[in-house]
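To start, the structure under review is shown below, and the notes come after it.
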Amino acid sequence: MTQVAQGLDQLDRSVWNALHGPHAALAVRRGRVVTYPDDVTRFSSLPEDPTPADWDDAASLVAGVRGDRAFLLLTGDVPEPPADWTVLVDLPGVQMVATDAVASAPDPEAVVLDLDDPSDVAAALALVERTQPGPFFERTMAMGSYLGIRREGRLVAMAGERLHPPGAVEISAVCTDAAWRGQGLGTRLVHAVAHGVRERGEVPFLHASASNTGAIRLYEQLGFRLRRATRFTALRPPAPPGATAPR
């Protein structure tokens, strides 16, 4: 895999920089630990040099936000957790950045999905349920612009903006209903989302599981290049005394 030129250091800690930058209004904080609301996304971030107090704040914060589902999902360079935290997921990933080879243009068939329209939210959630592109919740569309294509009155393809560190925007939730695949709808929506990002003078980027070689190959064909390896790590804090075991 060809590696992209160096730069865009804000992507090394994309969750932290998003929640201290363009997504600051979405940030839920305790001490130096930040996370998104539970119905937006499950990404969280700690300081680069977390202290025992920071880990205690992380445990309290995610328990307060997520209750008995408490966990801390991190991306990028994940600090070593305390011994009493449980690693639920540790998944290798890749971070890819758009080069000039990525075409970007508005799509005449793409419509903006409206977070304030219950029918749009329901349609997006139903498409995600059918296609499983990755985590997507009731208010994920609060993170940026989401575009969709409808056929026969039904939402059949979607892509949108997720993490937003300063100067860069992650393209996410790229999915197409199985009955409509093979028509290039996902590619068209990636181009359309990239167009909106570039119109604001920002750089499109994305994440993928390192094992998803098919998706990585497709994104390379579209003109994305590897910037760095990364990880997706889900941690569960220790249960407080007297608490029931988390589900």
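Of Ala63, Ala103, all but one fail to be part of a loop (DSSP other than H, G, I, E, B) and either assigned by TED's automatic domain parsing to the domain that holds Ser211 or more than 30 Å from Arg217 (Cα to Cα) (or both); the exception is Ala103. Residues of the stretch 20-58 that are in contact with a Pro (Cβ under 8 Å, 6 or more places away or on another chain) and either surrounded by fewer than 23 Cβ atoms within 10 Å (Cβ to Cβ) or free of Cβ contacts under 8 Å to residues at least 24 places away in the same chain (or both): Gly21, Pro22, Leu26, Val28, Arg32, Arg42, Glu48, Asp49, Pro50, Pro52, Asp54, Trp55.
The set of residues in the stretch 138-158 that are crowded, with 23+ Cβ neighbours inside 10 Å and under 20 Å from Arg42 (Cβ atoms) comprises Thr140, Met141, Met143, Tyr146, Met158.
The set of residues in the stretch 106-136 that are in a loop (DSSP other than H, G, I, E, B) and either not assigned by TED's automatic domain parsing to the domain that holds Arg200 or not charged (D, E, K, R) (or both) comprises Pro106, Pro108, Ala110, Leu113, Leu115, Gln132, Pro133, Gly134, Pro135, Phe136.
Condition first: under 20 Å from Gly93 (Cβ atoms), small (Gly, Ala, Ser), modelled with pLDDT of 95 or more and assigned to a strand (DSSP E or B). Can you find one or more residues in the stretch 179-201 that meet it? Within the stretch 179-201, none of the residues are under 20 Å from Gly93 (Cβ atoms), small (Gly, Ala, Ser), modelled with pLDDT of 95 or more and assigned to a strand (DSSP E or B). A residue that is at pLDDT below 95 and either of a type in the set (A, V, I, L, M, F, W, C) or within 26 Å of Arg228 (Cα to Cα) (or both) occurs somewhere in the stretch 48-57.
Pairs meeting the criteria (first residue in the stretch 156-167 and closer than 11 Å to Leu206 by Cβ, second residue part of a loop (DSSP other than H, G, I, E, B) and polar (S, T, N, Q), beta carbons under 8 Å, at least 6 apart or on different chains) are Glu161/Ser145; Arg162/Thr41. Just name the residue that is surrounded by the most Cβ atoms within 10 Å (Cβ to Cβ) out of those in the stretch 165-191 that are among the hydrophobic types (A, V, I, L, M, F, W, C) and within 18 Å of the chain's Cα centre (by Cα). Restricting to residues being among the hydrophobic types (A, V, I, L, M, F, W, C) and within 18 Å of the chain's Cα centre (by Cα), the top hit is Val169.
The values are calculated or read from the model by the stated rules, or taken from the named source; none is laboratory data. All of these numbers come straight from a predicted model, not from anything done at the bench. In this analysis, Cβ positions are derived from the backbone assuming ideal geometry, glycine residues included, and neighbour counts consider all displayed protein chains.
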